[in-house]
Amino acid sequence: MDFRSAHILSIEQFERDSIDRLFETADFLAPYARRQKRTKVLEGAILGNMFFEPSTRTRVSFGAAFNLLGGFVRETTGIDSSSLKKGESLYDTARVLSGYSDIICMRHPQAHSVAEFAEGSRVPVINGGDGPNEHPTQALLDLYTIRSELAAHDRTIDGLRIAMIGDLKHGRTVHSLSKLLCLYKNITVKLVSPEALALPNYLIDSLVNAGHRVEVSNDLENGLKGVDIVYSTRIQEERFSSSEEANLYRGQFRLNETIFTANCEPNTVIMHPLPRDSRSDANELDNDLNPNPRLAIFRQADNGVIVRMALFASILDVVHLVEKYEAPIHWASRR
Amino acid sequence: MDFRSAHILSIEQFERDSIDRLFETADFLAPYARRQKRTKVLEGAILGNMFFEPSTRTRVSFGAAFNLLGGFVRETTGIDSSSLKKGESLYDTARVLSGYSDIICMRHPQAHSVAEFAEGSRVPVINGGDGPNEHPTQALLDLYTIRSELAAHDRTIDGLRIAMIGDLKHGRTVHSLSKLLCLYKNITVKLVSPEALALPNYLIDSLVNAGHRVEVSNDLENGLKGVDIVYSTRIQEERFSSSEEANLYRGQFRLNETIFTANCEPNTVIMHPLPRDSRSDANELDNDLNPNPRLAIFRQADNGVIVRMALFASILDVVHLVEKYEAPIHWASRR
Amino acid sequence: MDFRSAHILSIEQFERDSIDRLFETADFLAPYARRQKRTKVLEGAILGNMFFEPSTRTRVSFGAAFNLLGGFVRETTGIDSSSLKKGESLYDTARVLSGYSDIICMRHPQAHSVAEFAEGSRVPVINGGDGPNEHPTQALLDLYTIRSELAAHDRTIDGLRIAMIGDLKHGRTVHSLSKLLCLYKNITVKLVSPEALALPNYLIDSLVNAGHRVEVSNDLENGLKGVDIVYSTRIQEERFSSSEEANLYRGQFRLNETIFTANCEPNTVIMHPLPRDSRSDANELDNDLNPNPRLAIFRQADNGVIVRMALFASILDVVHLVEKYEAPIHWASRR
């Protein structure tokens, strides 16, 4: 795919080559996200950060990424009930809002709404999550994190051994990550979940058809053995018909420092799409893992800013100008 | 009127000359809104975008207009229930908030609240809509659109033939536009509405007293004939005592491509203050008009940004400096 | 204390020397807040303005202060119910959000939540109010206002005579101000309240132990006599078990121009933490005081921006660079 002026609606748009290019751009932009450098390349540009469903962290991550490139952010943080009540179509909303900014990030509770919106938009649109459907930037930051963590040991995504643990039925992030892994070679995927929350068959089939090894079980300790990445997920309570039903599964696969040490290889990296459920009855990743340098969950969140910067810079075609518009940092940085 | 440091509270402040000057400024700023040029003239200035009633599009339009001139935007997006509950007066709120910015745009559900607020403010205040009372920037962008669309055929507002259609009783925008048209000469106004939703008599009287021709009817097809502008409006459901009552009128005056072709002159321009009601039972402007180049409703919305830029630049007295502080655009623009 | 990279969680962190330095910085920055000068020293820096409890004026004041130093602001304006529901800890929230900005201001309804948040944060955190606990920047702006108002008559905080009036039991601001006054010498504090709403004993003890004179009464007119500062407060209705109980006390200590003239010295300055309750049954400071130049309540609010600028500049260690990155102001300023 060509990023320039493209809408980013689904991870299915990406081939391996375009992901490689995006991640190279992300590597290049990381020092700007980490405040070792600063650029004003998007000075004067406006991001329309249209969150028609609240999501503080994703919204602020997109906005910060745009600010880090020098641009302004205009935003909305909830459904515009008035215009909906007045019967406005997504096409009209998009036509109007796209006159107010140079690029739009949109989140909306309804599946496929972002694609419908993009049809009316005169500027590029990035899907910030359209309900149960897609959240492509989360999948990209997950894959970028896997790549970065493996690179520290001179490994690549080809040959990856990964365990995905928890609610694999409802977890939008594991679905998207599974699809992306089909673009790579020689991968071992260990799926650990209650039988009722297994990864959908069509995704398992895709992995197998891509030539990958897939092991399905409900045994946490066995699942943790011999993998590079443990990708833990939360029970997606909000997708169950009742919280009683969700409670049946909550807390079944808890990982803590003792279990990690007993079962995992020393270099095994722990990931989670966040938020992790830290209540005592859930606690999928215990707080005693916090000092463990293999806990990559906050590096994952940091990588979200980097990957979003890479998308903005690629779509708006300024990657080659980032260094030209560097500017000094005057303040004390603690990062 | 002198725009410098003025509050913009009502369209009744404007004479023909001040509108001419504002629209000339708007023409001058249009390339900046369209991303053909960029200016940093308001770099460092702060807009207080105080929306005490939600309105995504108007709020983002004001904010984007200020960003396009280089300034920062601080904003609020709903009623500050806590301060109201604590018994604070609008005067106090204005005194305090006006210490936080260089200019304020305020929207509030209560009629005349913005004028009361302006009395306490130490910086210029623009009325972003005060309930049933006024929304002066909408009236200005409507008139600017009429002027721009006519100019494409070497016509001026003097001599205009316009049909206003729909809920002419409750539509704040048609009221304001009627008042503005009284500043011009030799205008034909065709008013098409159900009898119960007719334009108030005092407005008809004003138009007649200004020397204009006014025709009142409830016949859509006849109303469409021989006009330069069709200004369609939504049934303002929220102003009726019940939705049943509103339903009596919904969908009575639907314009679509077939009706347009059969009745309108080829150059007739279609306007609407938006949002248009695209539900099947309303549908005042059918989606089959979308490819029609005479459908100006999205140009209208784009003009809102331009007119707001012109107001900001005029009030803050930087029109003559816009070009001096031009800066390059580095990113790919799709506009 | 050393401001550089420090969290500002409580006024108990401050000694007299650090307050002196902060207020000197505030004096230095005042012309920038008043638009006599402009600086871009924090250009490119990002404030995370995280208001997990609504507070329009405090939020906008922090944001404006950061903009006035040239920086960007990303913000949130309400509790992120989704992440809380999903069981995320404040530690996790802080670790993630601190990757999105260079400094954070946080307000949260729960006492001590900001300190807990700061433990997870990788960037400096300023307490913007943690429920019933602390609101340190309000206390600092109050003390800065006292210092500034006294300085106009060549007086200092040492030797101050102050009356605190109203709900001294629940008023977070009078508690914090009392603590700060213990750092100074030779102060007379007149406490005027209904007996049931008296200042807590531990605070009276602290004032006495600091060598100050404390007079307790419920007599407004006597309390107003012989003081430099009248610090009036609102009945904190929201802290009472019922509004009926609050109504018992509302309107007991009303100050108006007649009472002021009859009882106060001509130079006595009137302060109030705002919002003042302007409803007729409360009206602790009558609107007829508005033209009185001794009414300092709006200067107080303006000082909030100045003190917050001083905190940002001190924590991010750019005070010495503010002048170096001065930039011109192009727009007409009414301040």
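The values are calculated or read from the model by the stated rules, or taken from the named source; none is laboratory data. Just so it is clear, the model here is predicted, and its values are computed rather than measured. Please note: Cβ atoms are built from the backbone with ideal geometry, for glycine as well, and neighbour counts cover all protein chains shown. Heads up: the accessible areas ignore ligands, DNA and RNA and are worked out on the full protein's heavy atoms, side chains in. Shrake-Rupley method; radii C 1.70, N 1.55, O 1.52, S 1.80 Å.
One table, with the values for the structure above:
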read-out: Cut-off 16 Å, label 7 Å out along Cα→Cβ of C:ASP27, residues of region C:141-163 by amide N; value: C:143-158
read-out: Helix runs (DSSP H) in chain A reaching 24 Å along axis by Cα, Kyte-Doolittle at least -0.5; value: A:16-33, A:297-315
read-out: Dimensions (Å) - the protein assembly as shown, Cα atoms, principal axes, largest first; value: 91, 85, 55
read-out: Cβ-vector label at 7 Å, C:ASN290, separations to other copies in nm; value: 5.1, 5.1
read-out: Among C:GLY223, C:GLY171, C:GLY78, residue whose mean-square fluctuation peaks in a GNM of chain C (springs only between Cα atoms under 10 Å); value: C:GLY78
read-out: J(HN,Hα) series, region A:276-291, from Karplus relation 6.51 cos²θ - 1.76 cosθ + 1.60, nearest Hz, glycine and proline x; value: 7, 8, 8, 6, 4, 7, 10, 6, 5, 10, 5, 5, 5, 7, 3, x
read-out: Violating pairs (Cα-Cα greater than 25 angstrom) within the set C:LYS185/C:LYS225; C:LYS37/C:LYS179; A:LYS37/C:LYS37; A:LYS40/C:LYS324; A:LYS324/B:LYS37; value: C:LYS37/C:LYS179; A:LYS37/C:LYS37
read-out: Size of charge dipole - chain A - debye, nearest 20, with Cβ of Lys, Arg +1 and Asp, Glu -1, no other charges; value: 900 debye
read-out: Shielding by partners, peptide A:44-51 (average Cβ within 10 angstrom, other chains); value: 4
read-out: Residue among A:LEU68, A:LEU97, A:GLY87 farthest towards the positive dipole end of region A:26-100, charges placed on Cβ; value: A:LEU68
read-out: Copy-to-copy label separations for C:GLU15, where each label sits 7 Å from Cα toward Cβ, in nm and ascending; value: 6.8, 6.8
read-out: Long-range HN-HN contacts of A:VAL269 with modeled amide H, under 5 Å; value: A:ILE229, A:VAL230
read-out: Column: log10 I(q)/I(0), Debye, Cα scatterers of region B:174-316, q = 0.10, 0.12 Å⁻¹; value: -0.39, -0.56
read-out: Inter-copy spacing of B:LYS225 label points, which lie 7 Å from Cα along Cα→Cβ, given in nm from shortest upward; value: 8.9, 8.9
read-out: Measure of compaction for region C:1-74 (Cα Rg per 2.2 N^0.38 Å); value: 1.21
read-out: Alpha carbon Rg of chain C, scaled by the compact-globule rule 2.2 N^0.38 Å; value: 1.00
read-out: The protein assembly as shown, dipole about Cα centre (Lys/Arg Cβ +1, Asp/Glu Cβ -1), debye to the nearest 20; value: 1940 debye
read-out: Estimated distance in nm for a label pair at B:HIS320 and A:ALA196, the labels positioned 7 Å out from Cα along Cα-to-Cβ; value: 7.6 nm
read-out: Pairwise centroid distance, computed over Cα atoms, of region B:271-289 with region A:287-331, Å; value: 43 Å
read-out: Most mobile listed residue (A:SER280, A:SER55, A:SER101) in chain A, GNM with C-alpha springs under 10 Å; value: A:SER280
read-out: Nitroxide proxy distance, nm - points 7 Å out along Cα→Cβ at B:GLU119 and C:ILE259; value: 2.3 nm
read-out: Amide H within-cut-off set for C:ILE8, under 5 Å, with H built and near neighbours excluded; value: C:VAL125, C:ILE126, C:ASN127
read-out: Listed residues B:ALA139, B:ALA118, B:LEU42: farthest to the positive end of the dipole of region B:40-152 (Cβ charges); value: B:LEU42
read-out: The protein assembly as shown - share of DSSP beta bridges that are antiparallel (%, nearest 5); value: 5 percent
read-out: Stokes-Einstein D (µm²/s) once Rh is taken as the Kirkwood radius of region A:1-151 over alpha-carbon pairs, at 20 °C in 1.002 mPa s; value: 133 µm²/s
read-out: 5 angstrom amide H check on A:GLU326, placed H, neighbours 5+ away; value: A:LYS40
read-out: Accessible area expressed per residue, region B:1-127, with surrounding protein chains retained (probe 1.4 Å, Å²); value: 30 Å²
read-out: Beta carbon of chain C nearest to the axis of the rotation taking C to A, residue and angstrom distance; value: C:THR77, 4
read-out: GNM top mover of B:HIS153, B:HIS272, B:HIS112 - chain B, alpha-carbon springs below 10 Å; value: B:HIS153
read-out: Karplus (6.51, -1.76, 1.60) ³J(HN,Hα), θ = phi - 60°, over region A:220-237, in Hz, Gly and Pro reported as x; value: 4, 5, 5, x, 6, 6, x, 10, 7, 10, 9, 10, 8, 9, 7, 5, 7, 3
read-out: Share antiparallel - DSSP beta bridges, chain C, percent rounded to 5; value: 5 percent
read-out: Per-q log10 I(q)/I(0), region B:71-166, q = 0.13 Å⁻¹ (Debye; single scatterer per alpha-carbon; no solvent); value: -0.60
read-out: Rounded to whole Hz, the Karplus (6.51, -1.76, 1.60) HN-Hα couplings of region A:188-193, x for glycine and proline; value: 9, 10, 9, 9, 10, 7
read-out: Anchor C:LYS86: lysines whose Cα lies under 20 Å away (excluding residues fewer than 8 positions away in-chain); value: A:LYS169
read-out: Dipole magnitude of region B:137-298, debye to nearest 20 (Cβ charges: Lys/Arg +1, Asp/Glu -1, about Cα centre); value: 460 debye
read-out: Charge sum, other residues only, whose C-beta stays under 11 Å from B:ALA115's C-beta, Lys/Arg counted +1 and Asp/Glu -1; value: -4
read-out: Binned Cα-Cα distance frequencies in region C:208-259 - 5 Å width, integer %; value: 4, 14, 22, 19, 17, 14, 9, 1
read-out: Cα centroid separation, region B:110-138 to region C:45-108 (Å); value: 29 Å
